[in-house]
Structure formats: C-alpha cells, structure tokens
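What follows is one structure encoded as structure tokens, with my remarks underneath.
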C-alpha cells in the first residue's frame, strides 16, 4: 500500500482571524493522531511546512499562494491536492482519504 502524504502548511504566528484555533503545528499533530487512529492499515507521511521557510518547489508554491491570500492556513494538502484550509474538518479529510484509497485500489486491480 502506497503511503499517503499529508502536508500541513502554516506559520508560528497565528493569523488574526485564527486566534482561537490551535497553531498549524498543533493541527498537524491532532490530524496525525486522528487520521492514523481512523485508518490503522493505511500508511501515511505527515509533513509540517512553515510558510516562511518552505523546502522544495511544491512547498514553495503553496507557501507563496498562502502568503498571497489565495489560501488560509493551516492548509491541508493530501498528495498535492488541497483538502482543507483554515479550520479543517475531519469528515471532509476522511472522505478524501477514502477516495484516494478507492482510486488506488481500482488502479491496482486494473494492473493486476
């Protein structure tokens, strides 16, 4: 089973409208705990990206888009696809994971 990469983008300083929410890093931690508990058989790779010091092209692109106010942070990206921003909802992230698993399963059946 191919690992699903989940990247959480954010900054140490909370945005003014997010003052009552956890930090992006805290969001990464609770998402990691909740998602791995919900999908124990699925392998995940969780990455935190500080938008002020991105690593690589993909992170730099998303960080720039956040800084340009195209997205709110924390921004949750699953295998390159934006799945949540601001205050992420577990139910919508779970649904995207299930869709990814289903697509991967169909691909492996078609090639096998």
Within the stretch 80-93, the residues that are surrounded by 15 or more Cβ atoms within 10 Å (Cβ to Cβ) and closer than 16 Å to residue 42 by Cβ are 83, 93
Output the residue which, of all residues in the stretch 31-45 that are within 12 Å of the chain's Cα centre (by Cα) and in a helix (DSSP H, G or I), is surrounded by the fewest Cβ atoms within 10 Å (Cβ to Cβ). 32
Output the residues belonging to the stretch 1-16 that are free of Cβ contacts under 8 Å to residues at least 60 places away in the same chain and either part of a helix (DSSP H, G or I) or in contact with a helix residue (DSSP H, G or I) (Cβ under 9 Å, 6 or more places away or on another chain) (or both). 12, 14, 16
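No value in this document is a laboratory result; all are computed from the given coordinates. Everything numeric in this text was worked out from a predicted model, so none of it was measured. Ideal geometry is used to build each Cβ from the backbone, glycine not excepted, and the neighbour counts take in all protein chains shown.
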